[in-house]
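Undergrad: What follows is a single structure, and I will ask about it in a moment.
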Amino acid sequence: MSKLLSFPNPVNEKAARVVAGGVVLIALLALLTGWLWLSAVLFAGFALRVASGPRFSPLGQLATRVIAPRLGEAKLVAGPPKRFAQTIGLVVTGGATLAWFGAGSALATEILLGLIVVAATLESVFAICLGCLAFGWLMRVGVIPEETCEACNNVAARYGTA
């Protein structure tokens, strides 16, 4: 069971960027059409990816099996910061979903989905992962244990590409 609910390490950055692009498209669709119920779809996708990476996520499967392989050789990056970033997405889309279904607040839902659009666009277009940057900062200040940092910084050595 723990193998089934594990996050990959390393992660193909190209696939992560494709997933982020899909998140942007879904969030923009919600914002532009007023279909704010799509926040629940985004929330479910983030929950699936936090739990097991792309394994059970339709968007993750599309990215890793169909699109990313067509973008050339994989670019491997550490998995824990990407999982942390997915967790932030889970929290923000969870808030958007609660704002819409629980409080009926279109404004709060739109603001939270707007934050998702900004963060996911930075990841998909510019390879700037805000969650990964926060993860690194939390490691530097000692919130995330050093052994996690060592594992993240040593991906290339682990796979014989150092």
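Read-outs throughout are calculated quantities, based only on the coordinates presented, and are distinct from any laboratory measurement. Just so it is clear, the structure is predicted and the values come from calculations on it, not from any experiment. Here the Cβ positions follow ideal geometry from the backbone for every residue, glycine too, while neighbour counts run over all protein chains shown.
Undergrad: Under a straight-distance cross-link criterion of Cα-Cα below 16 Å, which aspartates and glutamates are reachable from Lys14, leaving out those fewer than 8 residues away in the same chain?
TA: Cross-link targets: Glu73, Glu123.
Undergrad: Just subtract the alpha-carbon distance of Thr148 and Gln61 from 0.36 nm times their residue separation and send over the number in nm, one decimal.
TA: Gain on stretching Thr148 to Gln61: 28.7 nm.
Undergrad: Note down the relative contact order for the chain as a percent, whole number, built from C-alpha pairs under 8 angstrom at least six residues apart. Intermediate values should be presented prior to the final figure.
TA: On the way: 214 pairs, mean separation 48.5, N = 162.
Value for the chain: 30 percent.
Undergrad: Continuing with this model, one more query. So how tilted is helix 130-140 from the main axis of the chain? Cα-based, degrees 0 to 90, rounded to 10.
TA: Compared with the principal axis, the helix lies near 50 degrees.
Undergrad: For the range 1-70 and the range 98-139, what is the separation of their C-alpha centers, rounded to whole Å?
TA: Result: 14 Å between the Cα centres.
Undergrad: Using the Cα centre of the range 55-121 as origin and beta-carbon charges of +1 (Lys, Arg) and -1 (Asp, Glu), tell me which of Ala74, Ala96, Leu115 is placed farthest towards the positive end of the dipole.
TA: Value: Ala74.
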